[in-house]
Amino acid sequence: MSWKLPLNQIGSGTTFVLGKQIQNSRFREIALDLKQHVWLSEILKELECSPDNSQSHFNLQLNVEKQSEAYRVKAHLQMIPKLECVRSLTQFHSEVETEAEALFFRAEENKGGGEHEISESEMESYEHDGAGLVLSDFVTDLIYTSLPDFPLCQPQCRGLCSECGCNLNDAQSCGLAEETSATSDCPNIHFFQ
């Protein structure tokens, strides 16, 4: 299931908000209802991130407007998803905030080989069929590309002991790692320190 916004609902511009409004908009505002957007509910459930959860939150604001032959979508996203640390493998919540823009061009315009001048900040582009914009693709891309590539539970995460597997952030000391490092010349014993 996806979110296809009919072009006749855009008018001179429309702002869609889920959660609290992030910044003022000059356009007419419409609140998004998660019950109507099952695709988004599933993503938020996976990330354990929702607009009404006290531990995690999700705020999205989309401004959609027609510009010449294209439609410009500007997004502002704030969320606190549940992530897994790449060093210690612990689960933690971390705040993410990002902005992105995309242009939606009519599919036939791109088939003719016509060129569109797109600035570096507008490199993300999508096609539309002349009837509506499939905004769910853009929002899904935005959410997943805003997640950190190498999430760390803390900046100086020490990771896991290479000998016993204990979390070196929690352990007062790891006897196996200390014993091994005293008798070994292996530089990888304390890889995460």
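Here, each number is a calculation from the coordinates, and none is a lab measurement. Since we're looking at a predicted model, the values are computed, not measured. Cβ sites come from the backbone with ideal geometry, for glycine too, and all protein chains shown count toward neighbours.
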Solvent-free Debye scattering, log10 I(q)/I(0), computed from the Cα coordinates of the stretch 4-146 at q = 0.19, 0.21 Å⁻¹: -1.15, -1.34
Please pull out the direction-averaged projected area of the stretch 1-81, using the convex hull of its alpha-carbon atoms, in nm² to one decimal place. 5.7 nm²
Could you work out how far apart the two model spin labels at Leu34 and Asp129 are, taking each label as a point 7 Å from the Cα in the direction of the beta carbon, and quote it in nm? 2.9 nm
Report the extension gain between Glu69 and Asn24 in nm, rounded to one decimal, defined as 0.36 nm multiplied by the number of residues separating them, less their alpha carbon distance. 13.6 nm
